[in-house]
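Here the structure is laid out as structure tokens; the discussion comes afterwards.
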Amino acid sequence: MKVLDTGFAREFIRLCNDGWQFGWHESNGGNASYRLRKSEANEVRSGFSAHGWQRLEVELPRLAGECFLITAAGSHFRSIAHDPKHSLGIIEIDRSGSAWRECWGFKGDAQPTSELLAHLICHEVRMAATEGKSRVIYHCHPADLAAMTNIVPPDGALFTRLLWAQVSECAFVFPEGVQLLSWEVPGSVALARKTAAAMERTSAVIWPHHGLFVAGATLDEAFGRAQTIEKAAGIYLKTCMTGRPYLSAISEEDILRMSREYGLGIEESGIFGRPAMRPEGFQQMSAPAPVSVAPAPVEAAPAPIEVNEGSEAFEAAVPIPEPEPAPVSDPASVPEQEPIPSGEPLSAQELVDPPLSAQGFPKLGGPEMTVEAALEATPPAFRSQPQVMPEPQSQTMPEPQPQVVQEPQPWPQPDPQFPYQPEPQAGLEGAYQPQPQREEPVYRYYPKPPRG
Ligand code: 13P
Ligand code: ZN
């Protein structure tokens, strides 16, 4: 049977296309791999043409003899469905789990994704974690999640709790939570190793300011995981962007109730009730000013501070921006904003279940707080203002104004220095030097061995 006629190849291409449609794969962003069942590999093996073996940086004994359908380095998800033989290929792992070779696809100069090592080590780790059920690794670049990594302190447990608090589905779809790494060079061995270490505990790893790396038993499971995480991140961001008080979120107690009811195992995961977790390699950050309930002095610029696990500064670093008072047309009609009472900065725990009263907003759902009482206690500047209908204007048509005709502007002259050819820098011989522009494809991570 031809590879492209199989169900697994069609479903794989559908995943790639869906990811593109969702906007998660700008340019060549993202990659995916699927571990073929033995029966699926046997069905297509007659069409294989094997290349030379290439050594892996690590030994992966669980993957010995396995075949993977995988995206090519530099392939655009937008084009995979139209040009699968260039954009995809199948690789096979040798009997010792320490080398791989191409056996189908990768037409022309194509070769497996630059994140091949991360995919393979994660397959090994997830196979061990799921008794061999895990088959898919999917990497995408969803925007809301990347934006969230810009504003939430780099803490995997906190990130998990924020995501779980947005929509009920999250706790079901990734009950082990997410792991958050420190930033790493894409395609590097360090990134592959860190991701695999994180995948020992979860099927979802966030690469800050880059993307998401998820595993699943099926293509649906992996894609659904990515989609649920991105959706929760989007809801969190939209909520922050409204500038409105955060009146309600799924509480820790409610998440634990779901977990007990459906056996999700969140109680034992230790994600709740432990100090904030510092991601591997994380040393220092420029923390946003702590959300202090006292009005911040205008000139106080947040200085970069040392943030260590469990430190006060780490606890205090919170992404909730101080809401701006709503613009009003007639300042005289709005009573002055009540002074915000003083109190302690928010802790990481409180960020998930915010003590809104500390910011001058009432916490809804307390023992005796009703919606009406909550609104009553909300500072006046944040209450919706009564709509004042504008006076009807007289219907006289305005005098037509003479048209000002713009002089046509000359096109900008071409820059004589374009295309830019960077000069080699003195003193950097032997180190990386900027290369003049070339016609060749950028993605060349492995020399392509001859067929045979
Ligand atoms: P590839 O094109 O090599 O798959 O790389 C894309 C990417 O997202 C790297 O992280
Ligand atoms: Zn990427």
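Read-outs throughout are calculated quantities, based only on the coordinates presented, and are distinct from any laboratory measurement. Note that the structure is a prediction, hence the values are computed from the model and not measured. Note that each Cβ is placed from the backbone with ideal geometry, even for glycine, and that neighbours are counted across all protein chains shown.
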Revision key, fill the gap. Of the listed links Lys2/Lys38; Lys38/Lys133; Lys2/Lys133; Lys107/Lys133, those spanning more than 23 angstrom between alpha carbons are Lys2/Lys133; Lys107/Lys133
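As an exercise, find the ratio Rg/Rh for the range 1-137 from alpha-carbon atoms, using the Kirkwood inverse-distance average for Rh.
Result for the range 1-137 is an Rg/Rh of 0.94.
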Check your understanding: Between Phe48 and Thr239, what length in nm is gained on full extension when 0.36 nm per residue of separation is reduced by their alpha carbon distance?
Key -> 63.7 nm
Point to revise | Ala81-Ala197 pseudo-label distance in nm [points 7 Å out on the Cα-to-Cβ vector] | key: 4.0
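Which FRET efficiency value, to the nearest 0.05, is calculated for Glu131 and Gln403 with the Förster distance at 60 angstrom and r the Cβ-Cβ distance?
That pair, Glu131 with Gln403, gives E of 0.20.
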Exercise for review: May I ask you to order 1-11, 76-86 by the average number of other C-beta atoms within 10 Å around their residues, highest value first?
Suggested key: 76-86, 1-11
Point to revise | Segment Ala190-Val58, extension gain: residue separation times 0.36 nm, minus the distance between their alpha carbons | key: 46.3 nm
Exercise for review: Name the long-range amide H neighbours of Ser98: under 5 Å, sequence gap of 5 or more, or other chain; modelled H, no Pro or chain starts.
Suggested key: Leu60
Review point. Using alpha-carbon positions, what is the distance between the centroids of the range 138-206 and the range 210-277, in Å?
Key: 10
Check your understanding: Where the eigenvalues come from the Cα gyration tensor of the range 112-157, what are the semi-axes √(5λ) of the equivalent ellipsoid, largest first, in whole Å?
Key -> 26, 15, 9
Check your understanding: Can you work out the FRET efficiency for the pair Glu267 and Ala217, with r the C-beta to C-beta distance and R0 = 22 Å, to the nearest 0.05?
Key -> 0.40
**Study point:** Estimated vicinal HN-Hα couplings, Hz - the range 165-174 in sequence order (Karplus 6.51, -1.76, 1.60; Gly, Pro = x)
**Key:** 6, 7, 9, 4, 4, 4, 4, 7, 7, 9
Practice item. Report the semi-axes of the equivalent ellipsoid for the range 94-136 in whole Å, largest first, where each axis is √(5λ) for an eigenvalue λ of the Cα gyration tensor. Key: 23, 12, 10
